[in-house]
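The structure appears below as structure tokens.
The values are calculated or read from the model by the stated rules, or taken from the named source; none is laboratory data. These figures come from a predicted structure and were not determined experimentally. Heads up, the Cβs are rebuilt from the backbone with ideal geometry, glycines too, and the neighbour counts pull from every protein chain shown.
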Number of protein chains: 2
Amino acid sequence: MTELDFIDQLKKLATHPAARGLSDDAAVLPFGRHKLVMTHDMLVEGIHFLSNADPADVAWKLVAVNLSDLAAKGAKPLGILMGYSRTDDDAWDAAFVRGLREAITHFGVPLLGGDTVSSGNNKKRTLGLTAFGESKGHIVPARSGAVPGHAVYVTGRIGDAWGGLQLASGKAHGADFEITAALLKAHNRPRPRLDDGRALSSLVSSMMDVSDGLLLDASRIADASGINIEIDLDAVPLSDPFVSVFGDDEEARMSAATGGDDYQLLLTASPETVLPIKLTKIGKCKSGTGVSLVQHGEQVGLPETLGFVHA
Amino acid sequence: MTELDFIDQLKKLATHPAARGLSDDAAVLPFGRHKLVMTHDMLVEGIHFLSNADPADVAWKLVAVNLSDLAAKGAKPLGILMGYSRTDDDAWDAAFVRGLREAITHFGVPLLGGDTVSSGNNKKRTLGLTAFGESKGHIVPARSGAVPGHAVYVTGRIGDAWGGLQLASGKAHGADFEITAALLKAHNRPRPRLDDGRALSSLVSSMMDVSDGLLLDASRIADASGINIEIDLDAVPLSDPFVSVFGDDEEARMSAATGGDDYQLLLTASPETVLPIKLTKIGKCKSGTGVSLVQHGEQVGLPETLGFVHA
């Protein structure tokens, strides 16, 4: 049984409409006059973060990846609960607490509870975080609302976090300190687009955050909406630091579009809708299935993997 | 740094009033006209459950221990999110899903989301669950409201889960099948007192659930309230199955009062308050500190450990 088989078994249990079939970024439950939006994501040492990562960055990332799910639903964060498995490494724990303080201060989200356990015989830490927030609009965007004819947009730049990972793991070298720092920061300290998510949520036909790779996440909107999404590889927005290290040829663009950990917002909307923030149009919704790619106006093949699927 | 030192560091971050200083069973946040009550508890294989435990029982317990925290705050459960670290044991996972289905059906609480990860190099599973609910009363009981003169009560019977653990680990043997089954069920399938918690929450001066041992949990109410709690060991309610295996002498009563995993409610209230459900009065609140014990009307010494503190 793979992880996907297991999740399929869980989906059969998750029949409540608020669960959104376990196929969205977050659960959405009416609560009083508003909607409660909730998500829980885990990070496992050696899988989701390197064992030699700065523990302060790990704490930041644990908060940020969960807040990014709230951003994708246009929710305002209200609080977090943390599950922490400790090894006997005081310095690690202390640095983690420092990063946690920085994250909850930066994002203005209070730590409200959780649990701390010994990792016991396990050498690798398992961290979990629940983030919840409220959405005031009547509509909380899902992955499933895209329709043929709608445009596909993305916030910010794509690929910087992947670039930072290449630098952190010694697979690439930055041209200078500032460029290296910018890409490492994108990898180590992702900034979920909370304000953007709130500004966009009532105007989009679908929205999610880009966590596992732009192409893979686009295919998830395509699958959930029963459409095809065509991405124009030339339009994928790259940053100056990214281009200065990796260039902007097809290989570099493909790496950016499959690298993941961007925590930008990917969304679809009617081309007539005026969107209130700066976005890059990267493709369009068509009838069909899955994701397809064009470059220089011509259809090009998909890469072997569309993104990062955890084993 | 011990786990308690680490939690002290987290407490310094958790300054929002809804966090209740990380010293209560759950976070309590005003949300619309009601209150949102949230908790997150973890179970680690080899620490919180035996590696040879029935995975269906583990799933049940993961849900039940979290719902018990909601019961202690008088909250009605609205949903759960689960964090699950998988090893490659399909039969285990399938049995776990079966137990999870039984639990969410029994308690009527929907599975709304969560995350599934590979346990990677870790051999032992780390499971986390967030449960949340709503409390409609103005007052959500804390551990801190007990005052001298109030009576101390407990729901149900104390010690059955400890008795079941003795049977499950071969340290004791039940007299007959029915007795063994009753104690094992108390250990394997705890039933949080959700209805009782809701019926009591507006009438008590403090309330919590008994998870780590009656004496230890009573000391937590005493500490949070700045009082002494005197427990009458003779009054601790034992079940017939418990007494038939372990007797009701001082040693047996002390085991029951320190064994933990009862998931009964421990509460204090004015002796004049008429409480709407059947409870056992087991002691009283006095000025002073900590917990003290009487038996046959005489003060007796405290046992070496008041309950189960995870390493």
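Listed values, structure above:
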| quantity | calculated |
| --- | --- |
| Residue match in the range B:78-99 (condition: part of a loop (DSSP other than H, G, I, E, B) and more than 10 Å from chain A (Cβ to nearest Cβ)) | yes |
| Unique match (being aliphatic (A, V, I, L, M) and within 20 Å of residue B:27 (Cβ to Cβ)) among B:103, B:72, B:91, B:95 | B:72 |
| Any pair with Cβ under 6 angstrom, 6 or more apart, that starts in the range A:88-116 at a residue that is closer than 20 Å to residue B:128 by Cα and ends at one that is of a type in the set (D, E, K, R) | A:115/B:41; A:116/B:3 |
| Residue match in the range B:30-42 (condition: under 16 Å from residue A:118 (Cβ atoms), modelled with pLDDT of 95 or more and in a strand (DSSP E or B)) | yes |
| Total residues in the range A:108-117, condition surrounded by 18 or more Cβ atoms within 10 Å (Cβ to Cβ) and either more than 10 Å from chain B (Cβ to nearest Cβ) or over 16 Å from residue A:77 (Cα atoms) (or both) | 4 |
| Number of positions in the range A:143-157 that are of a type in the set (A, V, I, L, M, F, W, C) and surrounded by fewer than 23 Cβ atoms within 10 Å (Cβ to Cβ) | 2 |
| Flag for residue A:7 being over 18 Å from the mean Cα position of the chain (by Cα) and at the interface with chain B (Cβ under 7 Å from one of its Cβ atoms) | yes |
| Residue satisfying condition, being more than 8 Å from every other protein chain (Cβ to nearest Cβ), crowded, with 24+ Cβ neighbours inside 10 Å and either of a type in the set (Lys, Arg) or over 19 Å from the mean Cα position of the chain (by Cα) (or both), within set A:73, A:136 | A:73 |
| Which listed residue, of B:194, B:165, B:183, is crowded, with 17+ Cβ neighbours inside 10 Å, assigned by TED's automatic domain parsing to the domain that holds residue B:279 and in contact with a strand residue (DSSP E or B) (Cβ under 9 Å, 6 or more places away or on another chain) | B:194 |
| Helices (runs of 4 or more DSSP H) completely within the range B:194-251 that count 1 or more residues being over 13 Å from residue B:158 (Cβ atoms) and β-branched (Val, Ile, Thr) | B:214-225, B:240-246 |
| Residue in the range A:33-56 that is of a type in the set (A, V, I, L, M, F, W, C), free of Cβ contacts under 8 Å to residues at least 60 places away in the same chain and either facing another protein chain (nearest Cβ under 10 Å) or buried (at least 24 other Cβ atoms within 10 Å of the Cβ) (or both) present | no |
| Pick from the range A:168-180, criterion assigned to a loop (DSSP other than H, G, I, E, B) and either in the same structural domain as residue A:58 (by TED's automatic domain parsing) or hydrophobic (A, V, I, L, M, F, W, C) (or both), ranking: surrounded by the most Cβ atoms within 10 Å (Cβ to Cβ) | A:172 |
